[in-house]
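To start, the structure itself, in structure tokens.
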Amino acid sequence: MSTAMTTGRAPGTRAYLQLGIIWALLLTVPAWLPMLGGYTAIAGRVLVFALAAMSFNMLLGFTGVMSFGHAAYFGLGAYGAGLTLKYVAASTPLAILAGTLLGGIAGTLFGLLLVRRRGVYFAMVTIAFGQVCFYIAYKWDSFTGGYDGLRGFLRAPIDLGFTKIDIAGNETLFYFFVLLVFGLAVGLQALILASPFGRTLLAIRENERRARFLGLPVERHIWLSFSISCFFTALAGTLYALLNNFADPLGLNYVMSGNIVMITVMGGMRTFWGPLVGAVLFVMLQDYVSSMTTNWMFFVGTVFVAVVLFFPRGLMGMLQKRSGA
Amino acid sequence: MTDRIRLTTRRRTFLAATAAVGGLQLSSPFIIKARGETPVKIGFIDPITGSLSALAVSEVESAKWTVAQMNKKGGILGRPVELLIEDSANDTGTGVQKAHKLIERDKVDMIMGDVNSGIAYAIMGVTSDKKVFHIVPGGHTDPITGKDCKWNTFRTCNTTAMDAAAVTGELVKRFGKKWFFITPDYAYGQTLQANFVKNLTALGGTWQGDMLPIANTDFSATLIKAKAFKPDVLLNNMGGAAQINCMKQFVQFGMNKEMALGGALFEIESIRSVPKEAQTGWWTMEWYWNQPNVPHVKEFVDAISPAIGGRKPTARHWMAYVSLHAARLAAEKAKSLDAVKMAHALAGLELPPEVALMPGKIQYRAGDHQLMSDIFVGQVHPPGPGGPDDLFTIEATVPGEKAAGPAEATGCKISWPS
């Protein structure tokens, strides 16, 4: 099964090759992207959405539970980071920490309420919570900036004591900063998924009743999985706020949740790297096609429908199947 | 897996159809290319999709026409102008991303946009950071040329404060001082209502009101509340599709017989899409096509009309037209495309009458970079003898300076880069 290699158990040479290609491409983005007519800020956007979708995929692809409200944690991360930079201190690491904690803890607490729900009920309750967060950000004008969004903060250069890394003014440096955070986060995700705990999540996904009969505390594990997923999604949200120097309530909206689901499904929800491929496709489609036609949403939708109809395992899943992994 | 076999033939046709439709989309011209020399690149960001699309489309079609005309007359500084249009999709993140794209990849010389105040605001963050000259043709929220004003940003459309100040006096004079507000709950609506309230209470009036979500569709609860309050005037501050829904329901409830209706903006694009009964009330227009005594207006209207489907241009067409010509004038006065030089050149520059298309002498004033355009207060009515776009009668013209008050009072302090 493809999951075996992607979660790190006895990875074959093919897995190393795949990993090598992905990282080689990511590390050399500033060199080749401008030649293809891209720009560095869009690569940052791809990484942010990829991280959000990969975190979401821990839940959907590896635990088998569908959340339709992940934008809530993404947006809370963004607001957490923005509010910290604006009101507390101009420190990028502090902003990331605060945003991640805000989104993650909110998800952890909320997870307690929803672990007993399954299927469509689980999804519905997650939407509801997402919309609650959206309306709080939307209505609390004096604190969050309301519908216009939170402005008036800038990502700060990172002070390492002996030297300053100017991620505020230098787009390329900022991309590498995002890539570093992305790398650490997905590395941690791979470790979690390869751990015994990760294996139990797969067991729950494949057959929840059987997992229960084997003595696994199913609810607690789903809760943990949800909570971990929220922490990582919030981390992606903080990076989004830093990327835009801006946080807006639409980042908390169910539309954003839908985008995260779409990215994951397009890329391949049973594969570890699938959401990254999905994010590349989604962001590129959105960016390039919308410059050419106002009907760009039609194309994004068409591609999505085509993927769901013809490659139900997503683009990455299809690639792996073709090559007989 | 048996499904897959059944799907194969359909998939072929499906893909072919997709490709065909796609090809058609791509073939239409979106970027206006001019000839020779390095073009002056202007990035134009507007919400061409989403709830403000009607307004954005007017701006964009006018921008295309204006640039085409400009290129016929030698472009900017003798160089052809290239217009790069991007859709912000009425989403702030997308708008910011598009601003980055235009500045970093396409290396545009200046940016225009956005109809959505929130996005305009966010884009200002990018343009001021990157030191790119920026004109906001049509985003109304006050802080853009108020407390958050920037050296590189100019605004063509009015502030909410200007619109509110211009219409309040007329409404009080004609109908009375007891008002009810229906206001969208975001920065634009809040500042607009606050400005109305300030002007109204200064005249000794009383008021009640409801703040509703920006894309509200059902106004029955609010309208019942308004009916019970028995105001002299109901102020509909909603925008876009929500405003239209509110107007329709207002008329359905028969309330148009009980109270006067008014507000700051009821744009031609919106008036066109409501039923005849809802084409009513006292409003401000930021520009109107029928100004018989003002030179050059008729020429402009006759020239642009064929390019926009034979209709009369709206205030949105005018905003894009003025913004682009202002950029040209600034570049020509500065003899440069340098953002700082252009911004210094445009501040306080009086626009010539063929650009201004207004009775007064107008300029982007130096204090807050806000265009001091005349404001037309008047009545909206169903199409009159002048054709389907004869929808408004100007009753009073308020000079922009009078409605806006002094620049210092807006809270704007422009700090120039060293």
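The values are calculated or read from the model by the stated rules, or taken from the named source; none is laboratory data. None of the values given here were measured: they were computed from a predicted structure. Cβ atoms come from the backbone with ideal geometry, glycine included; neighbour counts cover every protein chain shown.
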State which residue is modelled with the lowest pLDDT when the search covers only segment A:113-150 and only residues that are more than 20 Å from the chain's Cα centre (by Cα) and of a type in the set (Phe, Trp, Tyr).
A:TYR147
State which residue is farthest from A:GLN286 (Cα to Cα) when the search covers only segment B:90-109 and only residues that are facing chain A (nearest Cβ under 7 Å) and not hydroxyl-bearing (Ser, Thr, Tyr).
B:GLU104
A:THR200 fails exactly one of (1) away from every other protein chain (no Cβ under 12 Å); (2) within 30 Å of A:GLN131 (Cα to Cα), namely (2)
So, first residue farther than 13 Å from A:LEU179 by Cβ and within 11 Å of chain B (Cβ to nearest Cβ) in segment A:34-55, second residue surrounded by fewer than 24 Cβ atoms within 10 Å (Cβ to Cβ) and β-branched (Val, Ile, Thr), Cβ within less than 7 Å, six or more apart or across chains; the pairs are A:ILE42/A:VAL283; A:PHE49/A:VAL283
By residue number, the members of segment A:89-145 that are closer than 30 Å to A:LEU180 by Cα, within 14 Å of another protein chain (Cβ to nearest Cβ) and touching a Gly at 6+ places or on another chain (Cβ under 8 Å) are A:PHE134, A:ALA137
Can you find even one residue in segment A:191-207 that is surrounded by 13 or more Cβ atoms within 10 Å (Cβ to Cβ), among the small types (Gly, Ala, Ser) and part of a loop (DSSP other than H, G, I, E, B)?
yes
Taking B:ALA334, is it touching a residue at least 40 places away in the same chain (Cβ under 8 Å) and closer than 22 Å to B:MET124 by Cβ?
no
Number of the exception - B:GLY74 against (1) loosely packed, with under 13 Cβ neighbours inside 10 Å; (2) within 35 Å of the chain's Cα centre (by Cα); (3) away from every other protein chain (no Cβ under 11 Å); (4) at pLDDT below 85:
(4)
Suppose we filter segment B:110-169 for residues that are within 14 Å of another protein chain (Cβ to nearest Cβ), in contact (Cβ under 8 Å) with a residue 60 or more places away in the chain and of a type in the set (S, T, N, Q); how many remain?
4
May I ask you to list the residues in segment A:251-282 that are over 26 Å from A:LEU97 (Cβ atoms) and at the interface with chain B (Cβ under 10 Å from one of its Cβ atoms)?
A:VAL255
Go through segment B:39-53 and report how many residues are away from every other protein chain (no Cβ under 11 Å), crowded, with 21+ Cβ neighbours inside 10 Å and polar (S, T, N, Q).
0
Pick from A:LEU114, A:LEU150: which is touching a strand residue (DSSP E or B) at 6+ places or on another chain (Cβ under 6 Å) and either within 19 Å of B:ILE214 (Cβ to Cβ) or surrounded by 18 or more Cβ atoms within 10 Å (Cβ to Cβ) (or both)?
A:LEU150
Unique residue being out of contact with any strand residue (DSSP E or B) (no Cβ under 9 Å at 6 or more places or on another chain), part of a helix (DSSP H, G or I) and either at pLDDT 90 or above or surrounded by 23 or more Cβ atoms within 10 Å (Cβ to Cβ) (or both) when the list is B:ALA228, B:ALA221
B:ALA228
Note on segment B:111-133: residues farther than 16 Å from B:LYS41 by Cβ and either of a type in the set (Phe, Trp, Tyr) or in contact with a strand residue (DSSP E or B) (Cβ under 6 Å, 6 or more places away or on another chain) (or both) are B:ASP114, B:VAL115, B:ALA120, B:TYR121, B:MET124
Could you list, ordered by first residue, the pairs with Cβ atoms under 6 Å in which the first is in segment A:296-314 and within 8 Å of another protein chain (Cβ to nearest Cβ) and the second is crowded, with 17+ Cβ neighbours inside 10 Å, at least 6 apart or interchain?
A:TRP296/A:VAL289; A:TRP296/A:SER290; A:PHE299/A:VAL289
So which residues in segment A:98-111 are under 18 Å from the mean Cα position of the chain (by Cα) and either in contact (Cβ under 8 Å) with a residue 12 or more places away in the chain or surrounded by 22 or more Cβ atoms within 10 Å (Cβ to Cβ) (or both)?
A:ALA98, A:GLY99, A:THR100, A:LEU101, A:LEU102, A:GLY103, A:GLY104, A:ALA106, A:GLY107, A:THR108, A:GLY111
When the residues of segment A:217-250 are narrowed to those that are within 12 Å of another protein chain (Cβ to nearest Cβ) and among the small types (Gly, Ala, Ser), which ends up nearest to B:ILE123 (Cα to Cα)?
A:ALA247
